[in-house]
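Take a look at the structure below.
The values are calculated or read from the model by the stated rules, or taken from the named source; none is laboratory data. Computed from a prediction, not measured in an experiment: that's the story for all the values here. Every residue, glycine among them, receives a Cβ derived from its backbone with ideal geometry; neighbour counts consider all protein chains shown. Heads up: the accessible areas ignore ligands, DNA and RNA and are worked out on the full protein's heavy atoms, side chains in. Shrake-Rupley method; radii C 1.70, N 1.55, O 1.52, S 1.80 Å.
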Amino acid sequence: MVRALKKCYVAVIFAFLYAPILVLILYSFNNSRSRGTWGGFTLRWYGELLQDRHILGSLYNTIIIAVLSAAIATVIGTAAAIGLNGWRGVQRKVIMNITYIPVLNPDIVTGISLMLLFVFARMPLGLLTMLLAHITFNIPYVILSVLPKLKQLDTHLYEAALDLGATPWYAFKKVILPEIMPGIITGLLLAFTLSIDDFVISFFTTGSGVANLSITIFSMARRGVNPTINAVSTLMFLAVLVLLVIVNLRVSKENSRKGRRNHEQEAYDHRHRRFGSARRLSRNHAR
Amino acid sequence: MAECIIELRNVSKDYDGTEALRDINLKIYRNEFVTLLGPSGCGKTTTLRIIGGFEQPTTGEVVFNNTSINHLPPYKRRVNTVFQRYALFPHMNVYENIAFGLRIKKLDEEVIEYKVKNMLKLVNLAGYEERKVDSLSGGQQQRVAIARALVNEPDVLLLDEPLGALDLKLRQDMQLELKHMQQSLGITFVYVTHDQEEALTMSDTIVVMREGRIQQIGTPIDIYNEPKNAFVADFIGESNIVDGIMVRDYLVEFANHRFECVDAGFGENEPVDVVIRPEDIKLVPESEGMLRGEVRSVVFKGVHYEMMVENGEYVWIVHDTLMQPVGSKVGMVITPQDIHIMRKEDQG
Amino acid sequence: MSYKWAASPYLVWMVIFIVVPIILVCYYSLTVRTDAGFRFSTDNFRRFFEPIYLKVLYRSIELAFVATVVCFILGYPLAYILARSDFKHTNVLIMLLVVPMWMNFLLRTYAWMTILEQNGVLNIVLSWLRLPTISILYTEAAVILGMVYNFLPFMVLPIYSVLSKIDPSVVEAAEDLGANGIIVFRKVIFPLSLPGVISGITMVFMPAVTTFVISRLLGGGQFTLIGNLIEQQFLYVSDWGFGSAISLAMMVLILLSMAVMSKFAGEDRGLGLW
């Protein structure tokens, strides 16, 4: 009895969480512009989507920016983590605290502060500024993904490589890099998804005419509901789902090796560190 | 012993002002098994790391085959290390770990394979090529680490407490195996340990260290029988160490009794440390003893009994194969050769 | 191994894109524009205390607070059930809890517009059930609903994480000592889950209080929250000084409360990844 009640409660909450998504997907196949009626199944909105220069353009921007910002942030962030691993004391603490700022700050504050910078530097707001902003908020996530891997690293591994005749660069390539690779890839994927998902920061750092998907959805939604958005939503949802499955397979594979954390929690942590990092702020910086 | 292969000359090492090593002078000869022995923090690992090239001496010189190698990075030294926790590359299998150094030398694949297989045979791991290193037991990892170092045919192999993580039985087996390998391969071993038994079992030469300084260098027999000071005596095996006074040459007073001894060259009435091994005290009927005492406790140790005998203000540790019951009065006899006299530390 | 120098590109980046922007926010917030250029002034901060803006602040906090409470009331039982029942697929359920969060935030909010609008799904279902239709889109309730929907998982997951790590023998010990179900919960389980509750509250309240998307889309722009106020200052009114001042105040408040919360909740929340 109690068990059935519990199951019921869980079911209701999950219905609440999934209903909007299902409705969204359902209406992307509705052959009627008004929501009140079901006009039958159609792929019309997907067709219209393919014709819509505006949406396609913003999709292109989203992907370009996600790929570039994730790649650049991964390179800079990984190098930074490797460098920071050697720093100690107050300097390290200061750097780490500043690194946490974009993670903890409300997006809107990050967004307007970057906008002020670009205006101050007389850079025209557009794709480039949006890219710079995305790299900026992605780097800390990469650093925070790679640093723990470096901390776990047995320092003797590096020495063992040198001992066996490896030059420092060879030792780095053949020993250090493979060891921290899981962290780097996690950081890369994290950066990529955060970039795709971002609205607020993009909104403030872009200029007229240059929009990513989030911005396009925002402006379309403000003008009223449009079935084409449903089609975009469905596609994005599927894309994210596929990405999520890949990430989780990766993570759980790694976990089964390490036997430690379960994957759903890790996936959750990755996605939502930004709000949950307060504790780590104090804890990690003490180190 | 022939040729000196490594020499440390006046080597000191400071870490941010704290002294880790002070004025180390040490010669290591070809084919020698040298053990650096001492409690943790004595500087033995630092010494090893300086030879390996992972640390630079603050002052002094490291000489290899008569050339100074102070500024030679680790990867150019003909020296290989077996690390304390093995430091095997976790992303490579056994074969790749062992082949690592050979690949850097860009040897042909057949040569590499031949050498790796040979080495695996040597360490009794034939057939383990494809295994992941974290699927191996501690003892097996240990062997891989040794194989990985030896396959490069170093002139000197450095071993940093390589047996520390193994259980007692395995450790004893590995001690013999290592010694055997060293002899058959004819490689110089420099071995770091804090385990005096291990040092006594394996070494040609033992270097006892304490607080960054060398206390004594000698063969295991020398070190055991003729410890240079109370620290060495205490660290190597169990000892009774008491305060004494050198009355004159060949006569020492301790425990309110004068003893003949074999030492000379101290000042008259100079305070000294007197070291007597527990197995060198013979228990006799009370009336025949030089010292008299009462047995306070008895512990069975397998081969012998360990008894605490109280005599005035002193409690003596005595090892004997015959047990005296607690409370019995006994006499103790110590022969002159078994009395080791040492200068007081703070004067040296 | 020391590659300290490898951090240098990042350090340069960090100074330009994190430090300088914050300095700029400070600069704008502490100056006013006059004919002669910029002049130091605390006017921007003082203006914040005008009743109209205090009301915005009050409303933001109020809505975020209500949303947080609702999230807690809905979320705690869910976390408790997931953590302490022997469902076969708890892992999958947690996973399902996470999946919607990976969907674009705007889409999730937009979906509710579809449901809540006059001819929306909700009303279709209601009329199909012969119940009176309601119109809540562009009301406060819709904004709160949007917040709850978007941030509920933030509440559930940290609580779940803490609850699932409670050693079952602690509960058994309490029962052994004579505590009944209610007392066990009140005296043992709930106190032990507090760190999770606190991070849950933080993780819901912080984004809720600073959002401007939810209030804009589901509130139809009728509900000006702090986020909307900032947006307005920069994009419509062009009063960067005032906008910067609000941003700065918000940033300081949030960083401070994060620091306080983190002390309060103790070291081990069980969510830490690094």
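Where in the range A:142-256 are there helices (runs of 4 or more DSSP H), lying fully within it, with 2 or more residues that are within 14 Å of chain B (Cβ to nearest Cβ)?
In the range A:142-256, the matching helices (runs of 4 or more DSSP H) lie at A:155-163, A:168-171, A:177-197.
Per-residue answers, yes or no, for (1) under 28 Å from C:Tyr149 (Cα atoms); (2) in a helix (DSSP H, G or I); (3) within 7 Å of chain A (Cβ to nearest Cβ); (4) under 24 Å from the mean Cα position of the chain (by Cα):
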{"site": "C:Ala173", "(1), (2), (3), (4)": "no, yes, no, no"}
{"site": "C:Pro207", "(1), (2), (3), (4)": "yes, yes, yes, yes"}
{"site": "C:Ser215", "(1), (2), (3), (4)": "yes, yes, no, yes"}
{"site": "C:Ile246", "(1), (2), (3), (4)": "yes, yes, no, yes"}
{"site": "C:Ser257", "(1), (2), (3), (4)": "yes, yes, no, yes"}
{"site": "C:Ser262", "(1), (2), (3), (4)": "yes, yes, yes, yes"}
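Go through (1) within 14 Å of another protein chain (Cβ to nearest Cβ); (2) buried (at least 20 other Cβ atoms within 10 Å of the Cβ) for B:Ile206 and report which single condition fails.
(1)
Going by the structure shown, is C:Leu152 touching a residue at least 12 places away in the same chain (Cβ under 8 Å), of a type in the set (A, V, I, L, M), open to solvent by less than 10 Å² (accessible area, probe 1.4 Å) and more than 24 Å from C:Val213 (Cβ to Cβ)?
The answer is no for C:Leu152.
Spot the failing condition for C:Met101; the list is (1) modelled with pLDDT under 85; (2) open to solvent by 10 Å² or more (accessible area, probe 1.4 Å), and only one is missed.
(2)
From the list A:Ile201, A:Ile180, A:Ile185, exactly one residue is open to solvent by 30 Å² or more (accessible area, probe 1.4 Å) and at pLDDT 90 or above. Which is it?
A:Ile185 is the lone residue from the list that is open to solvent by 30 Å² or more (accessible area, probe 1.4 Å) and at pLDDT 90 or above.
Only one of C:Pro21, C:Pro77 is over 23 Å from A:Leu22 (Cβ atoms), open to solvent by 30 Å² or more (accessible area, probe 1.4 Å), over 19 Å from the mean Cα position of the chain (by Cα) and not charged (D, E, K, R); which?
Answer to the check: C:Pro77.
Examine the range A:49-60 for a residue that is among the β-branched types (Val, Ile, Thr) and out of contact with any Ser or Thr (no Cβ under 8 Å at 6 or more places or on another chain), and state whether such a residue exists. Don't jump to the end; show me each part of the working.
First pass over the range A:49-60, keeping only residues among the β-branched types (Val, Ile, Thr): A:55.
When the remaining residues are screened for being out of contact with any Ser or Thr (no Cβ under 8 Å at 6 or more places or on another chain), the result is none.
Scanning the range A:49-60, I find no residue that is among the β-branched types (Val, Ile, Thr) and out of contact with any Ser or Thr (no Cβ under 8 Å at 6 or more places or on another chain), so the answer is no.
Regarding C:Trp5, is this residue within 12 Å of another protein chain (Cβ to nearest Cβ), at pLDDT below 90 and within 22 Å of A:Ile135 (Cα to Cα)?
For C:Trp5, the condition - within 12 Å of another protein chain (Cβ to nearest Cβ), at pLDDT below 90 and within 22 Å of A:Ile135 (Cα to Cα) - is met.
Just one of the numbered conditions (1) touching an Asp or Glu at 6+ places or on another chain (Cβ under 7 Å); (2) within 7 Å of chain A (Cβ to nearest Cβ) is not true of B:Ser68; which one?
B:Ser68 satisfies all of (1) touching an Asp or Glu at 6+ places or on another chain (Cβ under 7 Å); (2) within 7 Å of chain A (Cβ to nearest Cβ) except (2).
For residues that are under 20 Å from A:Gly209 (Cα atoms) and either more than 9 Å from chain C (Cβ to nearest Cβ) or modelled with pLDDT under 95 (or both), tally how many sit in the range A:122-141.
11
For B:Leu159, all conditions in the list (1) touching a residue at least 40 places away in the same chain (Cβ under 8 Å); (2) under 20 Å from B:Leu120 (Cβ atoms); (3) in a helix (DSSP H, G or I) hold save one; what is the number of the exception?
Status for B:Leu159: all satisfied but (3).
When the range B:178-188 is examined, which residues are found to be open to solvent by 50 Å² or more (accessible area, probe 1.4 Å) and not polar (S, T, N, Q)?
Result: B:His180, B:Leu185.
Could you please give the count of residues in the range A:1-34 that are in a helix (DSSP H, G or I) and either more than 9 Å from chain C (Cβ to nearest Cβ) or aliphatic (A, V, I, L, M) (or both)?
Residues in the range A:1-34 being in a helix (DSSP H, G or I) and either more than 9 Å from chain C (Cβ to nearest Cβ) or aliphatic (A, V, I, L, M) (or both): 17 in total.
Let me spell it out: the conditions are (1) in contact with a Ser or Thr (Cβ under 8 Å, 6 or more places away or on another chain); (2) at pLDDT below 90; (3) among the hydroxyl-bearing types (Ser, Thr, Tyr), and B:Ser287 meets all of them except one. Which number is the exception?
With (1) in contact with a Ser or Thr (Cβ under 8 Å, 6 or more places away or on another chain); (2) at pLDDT below 90; (3) among the hydroxyl-bearing types (Ser, Thr, Tyr) applied to B:Ser287, the lone miss is (1).
Does the range C:82-89 include one or more residues that are buried (at least 20 other Cβ atoms within 10 Å of the Cβ) and either in a helix (DSSP H, G or I) or more than 8 Å from chain A (Cβ to nearest Cβ) (or both)?
Yes, the range C:82-89 contains a residue that is buried (at least 20 other Cβ atoms within 10 Å of the Cβ) and either in a helix (DSSP H, G or I) or more than 8 Å from chain A (Cβ to nearest Cβ) (or both).
For the range C:135-149, give me each residue that is open to solvent by less than 10 Å² (accessible area, probe 1.4 Å) and touching a Leu at 6+ places or on another chain (Cβ under 6 Å).
Keep residues of the range C:135-149 that are open to solvent by less than 10 Å² (accessible area, probe 1.4 Å), which gives C:142-143, C:146-149.
Passing the criteria: C:Ala142, C:Val143, C:Gly146.
Does A:Ala19 satisfy the criteria of being open to solvent by less than 60 Å² (accessible area, probe 1.4 Å), of a type in the set (A, V, I, L, M), out of contact with any Asp or Glu (no Cβ under 6 Å at 6 or more places or on another chain) and within 30 Å of C:Ile94 (Cβ to Cβ)?
Yes, satisfied.
Please go through the range A:37-92 and pick out each residue that is surrounded by 21 or more Cβ atoms within 10 Å (Cβ to Cβ) and of a type in the set (S, T, N, Q).
Within the range A:37-92, A:Ser58, A:Asn61, A:Thr62, A:Ser69, A:Thr74, A:Thr78, A:Asn85 meet the criteria.
Of the residues in the range A:93-121, how many are open to solvent by 40 Å² or more (accessible area, probe 1.4 Å) and facing chain C (nearest Cβ under 7 Å)?
Qualifying residue count for the region: 1.
Which condition does B:Glu55 not pass, out of (1) touching a residue at least 40 places away in the same chain (Cβ under 8 Å); (2) surrounded by fewer than 17 Cβ atoms within 10 Å (Cβ to Cβ); (3) within 14 Å of chain A (Cβ to nearest Cβ), if it passes all the others?
(2) is the only condition that B:Glu55 fails.
Please note which helices (runs of 4 or more DSSP H) are completely contained in the range C:1-59 and include at least 3 residues that are of a type outside the set (D, E, K, R) and more than 30 Å from B:Phe54 (Cβ to Cβ).
It comes to C:8-14, C:20-29.
Restricting to the range C:219-228, count the residues that are within 10 Å of chain A (Cβ to nearest Cβ) and either buried (at least 24 other Cβ atoms within 10 Å of the Cβ) or at pLDDT 90 or above (or both).
Residues flagged as within 10 Å of chain A (Cβ to nearest Cβ) and either buried (at least 24 other Cβ atoms within 10 Å of the Cβ) or at pLDDT 90 or above (or both) within the range C:219-228 amount to 3.
Would you mind telling me which numbered condition in (1) more than 30 Å from C:Asn228 (Cα to Cα); (2) surrounded by 15 or more Cβ atoms within 10 Å (Cβ to Cβ) C:Arg186 fails?
(2)
So which residues in the range C:229-243 are more than 10 Å from chain A (Cβ to nearest Cβ), more than 24 Å from the chain's Cα centre (by Cα) and at negative phi, if there are any at all?
Listed by number, the residues that qualify are C:Tyr236, C:Val237, C:Asp239, C:Gly241.
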